[in-house]
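**Student:** Dropping the structure in here first, questions after.
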Amino acid sequence: MPDLGKYAATVLSAYAVSLLLIVALVALTLWRAAKVRRALAEAEGRKGRADG
């Protein structure tokens, strides 16, 4: 790890916040995708029952 001197805390906290935001965005994306997938499956199920 490079010597960051007096900026070490600032740089490392910026990396930590960035990593946390990336993880949060990925989790939010996966959660929302699952929600949309369930809604789509439900809508397709209703369509199938109406056509049959």
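Please treat every number below as a calculation from the coordinates, not as lab data. As the structure is a computational prediction, the values presented were derived from the model and not from experiment. Here Cβ is always computed from backbone atoms with ideal geometry, including for glycine, and neighbour counts include all displayed protein chains.
**Student:** Does R49 count as part of a helix (DSSP H, G or I) and surrounded by fewer than 10 Cβ atoms within 10 Å (Cβ to Cβ)?
**Tutor:** Judged against the criteria, R49 is a match.
**Student:** Which of the residues that make up region 1-44 are assigned to a loop (DSSP other than H, G, I, E, B) and surrounded by fewer than 10 Cβ atoms within 10 Å (Cβ to Cβ)?
**Tutor:** Within region 1-44, M1, P2, D3 meet the criteria.
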